[in-house]
Amino acid sequence: METLLQLPEDEAPSTISEVLAALRKQDLEPRHEKKSWGDWIHLEGYTTVISIESNRGLSRSATVEHGEGEEQDEPIPSIFRAFGHIGWHGIDDDGEFEL
């Protein structure tokens, strides 16, 4: 399962550092990994990963790839709170939703 997270168009992009700090405030231990095919945020102790679009360290969009058995439980609620605190919203089959 995947959940798309985005910033509203009228908001300034978030830095990767802001995203990592927001995740840490939710007691998660994120590790940013920059690859030639994209940026990833791994969370210590979880199989859920975040694929985050980055352009010169700025981001407006990310995809949470839910780990097996982690679709509804941690770390998903904490990820949603972290991104919600920095102004992002979620998008699923039913449309946009607040985090």
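The values are calculated or read from the model by the stated rules, or taken from the named source; none is laboratory data. Being a predicted model, the structure only gives us computed values, none of them experimental. No Cβ is skipped: glycine too gets one built from the backbone with ideal geometry, and neighbour counts run over all protein chains shown. Surface accessibility is based on the protein's heavy atoms, side chains included, excluding ligands, DNA and RNA. Shrake-Rupley method; radii C 1.70, N 1.55, O 1.52, S 1.80 Å.
Values as computed for the structure displayed
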{"item": "Set Leu28, Leu23, Leu5: member being hydrophobic (A, V, I, L, M, F, W, C), modelled with pLDDT of 95 or more, in a strand (DSSP E or B) and open to solvent by less than 70 Å² (accessible area, probe 1.4 Å)", "result": "Leu5"}
{"item": "Leading residue by the ranking (least open to solvent (accessible area, probe 1.4 Å)) among those in the range 39-70 that are in a loop (DSSP other than H, G, I, E, B) and in contact with a Phe, Trp or Tyr (Cβ under 8 Å, 6 or more places away or on another chain)", "result": "Gly67"}
{"item": "Check on Ala12, out of contact with any strand residue (DSSP E or B) (no Cβ under 7 Å at 6 or more places or on another chain), hydrophobic (A, V, I, L, M, F, W, C) and assigned to a loop (DSSP other than H, G, I, E, B)", "result": "yes"}
{"item": "Residue pairs meeting the criteria (Cβ under 9 Å; at least 6 apart or on separate chains; first touching a residue at least 40 places away in the same chain (Cβ under 8 Å), in the range 17-42; second β-branched (Val, Ile, Thr) and assigned to a strand (DSSP E or B))", "result": "Val19/Ile41; Val19/Ile50; Val19/Ile52; Leu23/Ile41; Leu23/Ile50"}
{"item": "Residue check, Ser17 more than 13 Å from the chain's Cα centre (by Cα), polar (S, T, N, Q) and over 23 Å from Phe97 (Cα atoms)", "result": "no"}
